[in-house]
Amino acid sequence: MPAPDVVSDGVAFEVERFEWTANDRLEVTGRWYGLRGHRFVRPVLMVQAGEEQRRMLALLEHKPWAADDGEEWIAAFPWAGAPRELTAAELAVAPSLAVDLPMPQVPGGRGRAPAPPDGPLPARRGAARPAPPVATQPPGAAPRDEPSAADEPAALRARLADEQATVRRLKAELEDARQGLAAAAQAAGDHDALERERDAALAERDAALARANLDHDAIVEERDSAVHERSAALYERDEALDERAAANFERERAIAERDAAFAERDRAVEAQRTAVSNLEALERRTADAERARAAELARPAPGAGPVRALPGEPRDTTARAAGLAWAQRAAALIVLVVWAIVVYKVLHGIV
């Protein structure tokens with residue numbers, strides 16, 4: 001492979017391909033070397049096709065204003081109309097960097113396009129092609145047929161017109177180069193702004209993702225804590241229900257025992273009242289019987305002598321009656337004591 005040509009200040013370009021890839025498209029492929037300190041603008045391709053000159057700006061699909069040292073570089077240019085045979089082609093990538101290109105083969109033409117010369121393509125500093133030098137006659141050469149004095153003003157006017165046309169063309173190319181440079185600078189600025197916006201958007205997205213992850217972790221932790229608290233509350237509620245059921249059972253049992261004790265107390269009271277009533281009735285009957293017996297004993301029978309005691313009968317009937325009365329009272333007292341013990345036990349069990 002031929003060595004790349006030095007363009008300017010150590011910059012070199014190695015052409016690998018320059019051809020029509022379609023009827024409306026020209027492409028240049030190559031490699032740049034030594035680009036440190038250089039910044040490309042939007043590339044410009046200037047070609048000569050017969051008497052016609054064309055100036056084309058590179059398409060943006062390959063971003064040809066960015067080149068990496070030694071890496072493949074591609075620039076595509078639009079072509080209007082049918083492809084034509086080119087006689088000159090120049091690629092300019094910066095105001096101070098330009099290179100001449102080999103002529104491409106016309107699509108559908110016979111033969112092969114001329115291969116690039118062995119060695120680097122000639123390149124130079126500056127994008128504008130200089131005007132060809134005016135030929136001068138060397139000293140000692142045979143004199144040429146010079147125009148007559150009548151034709152000399154017309155020839156000068158023609159040369160002047162050509163020079164003026166060249167100046168106008170160069171001014172137009174300079175203006176186009178300035179516009180291209182401004183557009184490239186604006187595109188580069190827009191590209192940098194887009195890069196900054198993209199970086200800012202990526203940073204904001206990363207921050208939002210980090211915040212979302214933190215919020216998600218916090219929500220999950222709060223949810224787990226709430227579930228744990230709910231489980232604990234349900235457990236406490238179940239224990240409270242069990243305790244309340246046990247308390248209700250104990251209360252109902254205590255109420256039943258209380259009702260049974262009250263019933264037992266009522267029965268004991270009723271028994272005591274019955275015993276007291278029976279005791280009082282017995283005392284009354286005993287007293288009535290004693291009074292009747294005493295009256296009967298004290299009253300002598302008519303026509304009878306003094307009353308004598310029967311054999312085996314106590315003499316003191318009054319003392320016997322009094323003993324019987326005290327026995328009855330003792331029995332009643334025993335009944336009252338038993339009743340009091342029963343009532344005490346019942347009340348003590350309730351308390």
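The values are calculated or read from the model by the stated rules, or taken from the named source; none is laboratory data. Fair warning: this is a prediction, and the values are worked out from it, not measured in the lab. Every residue, glycine among them, receives a Cβ derived from its backbone with ideal geometry; neighbour counts consider all protein chains shown.
Got at least one residue in the range 16-32 being under 21 Å from Glu175 (Cα atoms) and either out of contact with any Gly (no Cβ under 7 Å at 6 or more places or on another chain) or part of a strand (DSSP E or B) (or both)?
If we filter the range 16-32 for residues that are under 21 Å from Glu175 (Cα atoms), which is where we start, we get none.
For the range 16-32, residues under 21 Å from Glu175 (Cα atoms) and either out of contact with any Gly (no Cβ under 7 Å at 6 or more places or on another chain) or part of a strand (DSSP E or B) (or both): absent.
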Legend entry - Hits in the range 44-78 (condition: surrounded by fewer than 19 Cβ atoms within 10 Å (Cβ to Cβ), outside any strand (DSSP E or B) and of a type in the set (A, V, I, L, M, F, W, C)): Leu59, Leu60, Ala66
Inset, instruction - Consider Val41 carefully, then state whether it is surrounded by 21 or more Cβ atoms within 10 Å (Cβ to Cβ) and not in a loop (DSSP other than H, G, I, E, B). - result: no
Inset, instruction - Within the range 291-300, identify whether any single residue is under 23 Å from Tyr344 (Cα atoms) and modelled with pLDDT of 85 or more, and answer yes or no. - result: no
Inset, instruction - Considering each residue of the range 255-269, count those that are free of Cβ contacts under 8 Å to residues at least 60 places away in the same chain, over 10 Å from Val346 (Cα atoms) and surrounded by 12 or more Cβ atoms within 10 Å (Cβ to Cβ), and give that number. - result: 1
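Tell me, yes or no, whether the range 195-203 has at least one residue that is out of contact with any Lys or Arg (no Cβ under 7 Å at 6 or more places or on another chain), among the aliphatic types (A, V, I, L, M), closer than 30 Å to Ala88 by Cα and modelled with pLDDT of 80 or more. So that I can check it myself, show each step before the final result.
Restricting attention to the range 195-203, the residues satisfying the condition of being out of contact with any Lys or Arg (no Cβ under 7 Å at 6 or more places or on another chain) are 195-203.
Restricting the remaining residues to those that are among the aliphatic types (A, V, I, L, M) gives 200-203.
Retained after the next criterion (residues that are closer than 30 Å to Ala88 by Cα): none.
No, the conditions are met nowhere in the range 195-203.
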Legend entry - Total residues in the range 315-350, condition at pLDDT 85 or above and β-branched (Val, Ile, Thr): 5
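Hey, among Asp238, Asp288, which residue is without any contact (Cβ under 8 Å) to a residue 60 or more places away in the chain, within 25 Å of Ala332 (Cβ to Cβ), surrounded by 10 or more Cβ atoms within 10 Å (Cβ to Cβ) and among the charged types (D, E, K, R)?
Working: Asp238 fails: within 25 Å of Ala332 (Cβ to Cβ).
Testing whether each residue is without any contact (Cβ under 8 Å) to a residue 60 or more places away in the chain, within 25 Å of Ala332 (Cβ to Cβ), surrounded by 10 or more Cβ atoms within 10 Å (Cβ to Cβ) and among the charged types (D, E, K, R) leaves just Asp288.
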